[in-house]
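Please read the structure below before turning to the comments.
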Amino acid sequence: MDQKIQSLGACPVCTNSERALFRADPQWPAYRCGECGTIYLDPMPDEGALAALYTDAYEGAATGYFSKPEKKLRRSRGRMRLLRKYAPPPAKFLDIGCNGGFMAEAAREAGYDAWGIEPDPVSIRYGRTHFPNCHFTEGTIESFAPNGPDAAPLLFDLAYCSEVIEHIPAPRAFLTHVHRLLRPGAIFYLTTPDISHPRRPRDVTRWDGYCPPSHCVYFTPASLKTLLEACGFSVIRRQLAFKPGIKLIARRTDPPRGV
Ligand SMILES: [Zn+2]
């Protein structure tokens with residue numbers, strides 16, 4: 001893997017530089033922010049290192065093979081049943097980090113104009129082949145700027161981002177792009193591992209959610225709320241999670257307070 005790295009010196013969520021060493025790993029040391037409690041790697045992997053990781057970071061990448069696609073679709077349909085209460089169709093849906101496109105397809109079935117963006121070309125190819133009535137874009141959110149038929153920027157009513165933000169070294173900038181793509185009042189569903197969860201193994205290296213450098217920012221429910229509010233969202237519901245994960249429904253409110 002590419003070993004180039006970038007040093008932060010401060011929390012990627014609240015920008016405070018007060019911190020304590022969380023884990024003295026010789027290659028990927030982690031710190032706990034003294035202000036918001038986020039745990040983050042410093043140095044961070046740089047974009048080249050992250051791109052290399054995507055190649056085999058998850059199922060489907062490199063092989064284009066997804067196991068149990070029907071089960072994935074069923075789970076996605078279950079999530080759509082919850083989300084449609086907050087932003088009912090017809091409406092525009094975006095899955096950020098859409099993998100093989102299962103959630104986009106479930107949204108399309110439910111009556112949404114369904115879009116997905118994903119940096120892994122093999123996963124995007126799978127989505128385009130199996131779910132041809134969805135719109136898939138290969139790339140990252142920074143350069144994603146779709147236009148509607150009238151050439152005006154396309155704004156989404158419902159965005160979905162599951163198990164992605166923990167991979168992003170600059171989550172404030174990432175959420176500012178999510179904000180840019182949503183209309184005022186739009187719904188944003190976000191999931192990520194919860195490092196503060198009571199069921200997380202005491203030895204963090206025994207937790208499957210702790211996998212540096214692929215996961216480089218580790219949130220608590222409070223620190224994720226802090227980040228969302230700084231970026232122009234308000235949390236309207238937090239789903240109880242039996243496993244160490246955070247599942248939030250937020251609404252796009254104000255302009256972001258800057259990154
Ligand atoms: Zn912080």
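At 37 °C and a viscosity of 0.692 mPa s, what translational diffusion coefficient does Stokes-Einstein give for the chain, taking Rh as the Kirkwood radius over Cα pairs? Give it in µm²/s as a whole number. Using the Kirkwood radius from Cα pairs, D works out to 175 µm²/s. Calculated mean residue ellipticity at 222 nm for the chain: -7500 deg cm²/dmol, from DSSP H runs with n ≥ 4 weighted as -39500 (n - 2.57), summed, divided by the residue count and rounded to 500.
Could you list the residues of segment 210-235 with an amide nitrogen less than 17 Å from a label point located 7 Å from the Cα of Thr253 in the Cα-to-C-beta direction? Within reach of a label on Thr253: 222-235. Across the alpha-carbon atoms of segment 216-257, the computed radius of gyration and Dmax are 10.8, 33 angstrom. Note that segment 176-248 shows a convex hull volume over its alpha carbon atoms of 93 Å³ per residue.
The ranking of Glu70, Glu18, Glu109 by Cβ neighbour count inside 10 Å, starting from the fewest, reads Glu70, Glu18, Glu109. A simple rule links phi to the HN-Hα coupling: the Karplus curve 6.51 cos²θ - 1.76 cosθ + 1.60 with θ = phi - 60°, which for segment 197-209 gives 5, x, 8, 5, x, 4, 7, 4, 6, 8, 9, 5, x Hz, with x for Gly and Pro. When a/c reaches 1.5 or more, the comparison of a/b and b/c decides; with that in mind, is segment 127-173 rounded, prolate or oblate per its Cα gyration tensor? Oblate is the answer for segment 127-173, as a/c is 1.5 or above yet b/c matches or exceeds a/b. The C-alpha atoms of the chain define a longest principal axis, and helix 69-83 lies at about 90 degrees to it.
Packing, as the average of other Cβ atoms within 10 Å across residues, places the peptides 122-130, 240-248, 154-162 in the order 154-162, 122-130, 240-248, highest first.
By the beta carbon rule, with partners counted only under 4.7 Å, the chain holds these lone Cys residues: Cys98, Cys134, Cys161, Cys211, Cys216, Cys231.
The lysine pair count for the chain, using Cα distances under 25 Å and pairs eight or more places apart or on different chains, is 17. Only the Cβ atoms of Lys and Arg (+1) and of Asp and Glu (-1) were treated as charged; on that basis the dipole of the chain about its Cα centre amounts to roughly 1240 debye. Looking at the chain alone, DSSP beta bridges between its own residues are antiparallel in about 55 percent of cases.
Taken together, the values in this text are just the output of simple stated rules run on the coordinates, not laboratory data. Because the structure is a prediction, the values reported are computed rather than measured. No Cβ is skipped: glycine too gets one built from the backbone with ideal geometry, and neighbour counts run over all protein chains shown.
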